[in-house]
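Written out below as structure tokens is the structure these notes cover.
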Amino acid sequence: MYRRPRRNRKSSVIRGMVEETRLSTKDFIFPLFLLGGKNQKTEVKSMPGIFRFSTDLMLKEVESCMELGINAFDIFPAYTEDQKDKYATESHNPETFYLKAIQKIKETFPEACIMTDVAMDPYSSDGHDGLVKDGKILNDETLEILGKMAVAQAQAGADIIGPSDMMDGRVGYLREQLDDHGYTDVSIMSYTAKYASAFYGPFREALDSAPKMGDKKTYQMDPANLYEAMIEADLDTEEGADFLMVKPALAYLDVIRLLKDNYNVPIAAYNVSGEYSMIKASAERGWLDGERAMLESLLSIKRSGANVILSYFAKEFALLQK
Ligand code: PBG
């Protein structure tokens, strides 16, 4: 035998040299759940270790993450039922707590990169990402609301907006709205291939944002489809997206790879709430080694081609690097 692949596995030094994929804290965006009021911190039941914070405590959380080298955050606000309406009005009310919080975070940590979500669901009494009429989601009417939301977020200081709504034409529409209002510098990370997934369950608990009626299958993609992601990616790149995102990550590594191989825009992957909870739950039961399962899944996401990883594990990963 001339070729013995095991020679390159014989010591940890050599294994380190031949490692093809390396994770870094710089790869991550850490999603954070935001509450109104003051001095509030509540754990998400289905996501052990993940909390919702009011703005004052979120500032402390951001500071501690930045000390660990995490500099990018995606902020998701939790609104109470009485603050929601059909038109998601709170999403662009300049006095609303989430826009104030973004402003405060950017003021306190100008070097932090703040991403915001553009979709109606946390502010909508219907719990859908778009405007509902007679049981249907109205695409073009939704765009107008998303436009106002994106401009309000840019005005508050968002560095990246993340349209997660899956309406047709939204990337181009939002680009135009941002540019018309002078926000040519604000980036768009499009949720390009966002699937109608069971893995968003814990997130919807965190924000109490589950749809009141029906499901999201008329706008989110069918888990059966791979090549349809390229239609979305073609449109998003033509319409000016700065990043293409695949979501969820672990059950869709083939989609990440396909987009990576076919587009020159950086690819992001969202390691969603259910993917976090699955590992946490089995680790709690002693059924698997949570830390190793976390590292292996994050590595697989990067290996499949993601340049950027949105993950609830970001802080835990960063802590391990210290
Ligand atoms: C809102 C949105 C969702 C997630 C991110 N943005 C939920 C959904 O579409 O129902 C899910 C994130 C996660 O599960 O971690 N449109």
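Every read-out reported here was derived from the displayed coordinates using simple, explicitly stated rules and does not represent laboratory data. All values derive from a computational prediction rather than experimental measurement. Glycine gets a Cβ as well: all are built from the backbone with ideal geometry, and neighbour counts include every protein chain shown.
Distance from the C-alpha centroid of the range 171-235 to that of the range 16-64: 21 Å, rounded to the whole angstrom. Calculated mean residue ellipticity, 222 nm, the chain: -11500 deg cm²/dmol, from DSSP H runs (n ≥ 4) at -39500 (n - 2.57) each, averaged per residue and rounded to 500. Among the GluC sites (Glu not before Pro) found in the range 105-145, those both in a DSSP coil and sparsely packed, with 15 or fewer other Cβ atoms within 10 Å of their Cβ, are GLU111. Taking every C-alpha pair closer than 8 Å and separated by at least 6 residues, the mean separation divided by the residue count of the range 20-93 gives a relative contact order of 36 percent.
Our estimate of slack between GLU19 and ASP289, defined as 0.36 nm per intervening residue step minus the Cα-Cα distance, is 95.0 nm. How big is the Cα convex hull of the range 189-322 in projection, averaged over all directions, in nm²? Mean projected area for the range 189-322: 9.2 nm², to one decimal. Of the trypsin sites (Lys or Arg not before Pro) found in the range 31-87, those in coil by DSSP whose Cβ has at most 11 other Cβ atoms within 10 Å are LYS38, LYS45. Taking amide H atoms as placed 1.01 Å from N in the peptide plane, the amide H of PHE28 lies under 5 Å from those of ILE309, each 5 or more residues away in sequence or on another chain.
Lysine pair count for the range 76-229 (Cα-Cα distance under 18 Å; residues 8 or more apart in sequence or on different chains): 18.
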